[in-house]
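A quick write-up on the structure given underneath.
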Amino acid sequence: MLSAKFKKTFLNYFWRIALTIALLYVVFRQINLVDLWQRLQSTNPLALVIFLLGEFLLTYLTSIRWAVLVVPSPSKKDIKAFFKATMLGLFYNLFMPSGMGGDLVKWTALTDLKISKSKLVFTMLLDRLMGMFGLIVLGFVGVLLMQFYGVANAPTPVFWLFVALFVGTVALFFFIYSPLQLKHLPLIRRIKPLLKIEDYLAENKNAFVQAFILGILIQLIWLIIVYVLAQAVGFTTGWWQFFCIQPVVNLATALPISFAGFGITEVGFMYFYQQLGQESSAIVALTALLGVFRILMGFFGWLVGMIGEKKQIA
């Protein structure tokens with residue numbers, strides 16, 4: 001007899017895979033496969049190299065961002081350990097919901113650092129939040145440009161969503177740097193986990209700011225290398241249009257409803273960029289290359305994990 005937990009997990013993966021296949025089917029039936037293949041064949045190899053190097057740079061910067069949240073002044077050895085864990089996370093991303101599911105397990109690669117499990121998990125979640133803050137800041141700037149300068153069309157719900165998220169981000173910073181403390185509130189002070197989070201933020205304000213700045217930088221570099229790749233497959237969208245719309249696309253495609261982020265990425269790109277008059281084959285060519293690089297980086301993550309295990313055995 002199969003356990004209820006196993007059945008639930010199996011059905012969860014089954015429906016995600018089924019949804020992924022359905023979404024990909026809907027997307028690919030709209031395009032000319034011959035045109036898609038020609039675009040992929042004619043892609044400038046230099047753009048592919050730039051994107052791959054950019055991916056490694058982003059992984060390294062992400063490792064530093066996580067490290068500064070855990071270790072006050074991380075050494076090269078510490079950053080190397082966090083880089084290995086982040087690379088392993090890219091491998092596990094291929095088998096988890098959305099393109100960020102690997103975060104759920106990557107912290108297990110850092111148990112040798114003798115850092116408490118709770119701190120690793122908390123800072124891992126905080127690191128992901130820093131990445132989201134970077135996306136929110138760029139997205140907020142983007143929707144402002146769309147709203148007031150007509151760079152592109154921003155749906156009203158999307159505009160107000162980014163405004164609300166940005167206001168929430170500012171409010172969080174205000175709380176961290178204000179004299180207000182949760183432990184002074186009668187009801188809140190009974191929730192010990194919240195008090196521990198407050199103590200951590202109070203003791204690590206500089207690390208929080210550093211991680212926040214890195215979050216913005218990482219999102220900006222991601223926009224640049226994706227734009228380079230988009231131009232290589234024939235995108236006609238200008239830089240400012242791309243800058244405005246891509247954070248919105250990133251937020252939409254982060255929804256954990258498909259397998260490893262496939263399917264929802266293609267649908268998100270198609271929905272937003274078709275409104276800008278972009279050809280379907282160019283959009284799918286871009287998402288196909290993003291998918292290939294996602295798999296390739298996952299493979300490199302697996303290699304990093306294998307090399308690390310062999311060194312430990314030796």
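Points worth noting:
- Candidate aspartates and glutamates - alpha carbon under 17 Å from K114, same-chain residues fewer than 8 apart omitted: D78
- Evaluated at q = 0.20, 0.22 Å⁻¹, the base-10 log of the normalised Debye intensity for the range 32-87, with identical point scatterers placed on the Cα atoms, takes the values -0.71, -0.78.
- Computing FRET efficiency as 1/(1 + (r/R0)^6) for K76 and L172, where r is the C-beta to C-beta distance and R0 is 45 Å, gives about 0.90.
- Spin-label model, Y200/I307: points 7 Å from Cα along the beta carbon direction are separated by 3.0 nm.
- Modelled FRET efficiency - R0 25 Å, L40 with V141, Cβ distances, 0.05 increments: 0.20
- The calculated FRET efficiency for L52 paired with T236, based on their beta-carbon distance and R0 = 30 Å, is about 0.80.
- Among V226, V209, the ranking by other beta carbons within 10 Å of each residue's beta carbon, starting with the fewest, stands as V209, V226.
- Violating pairs (Cα-Cα greater than 24 angstrom) within the set K77/K196; K80/K196; K80/K106: K77/K196; K80/K196
Throughout, read-outs are computed from the coordinates displayed, never taken from laboratory work. Predicted model only: the values in this text are computed from it and were never measured. Glycine gets a Cβ as well: all are built from the backbone with ideal geometry, and neighbour counts include every protein chain shown.
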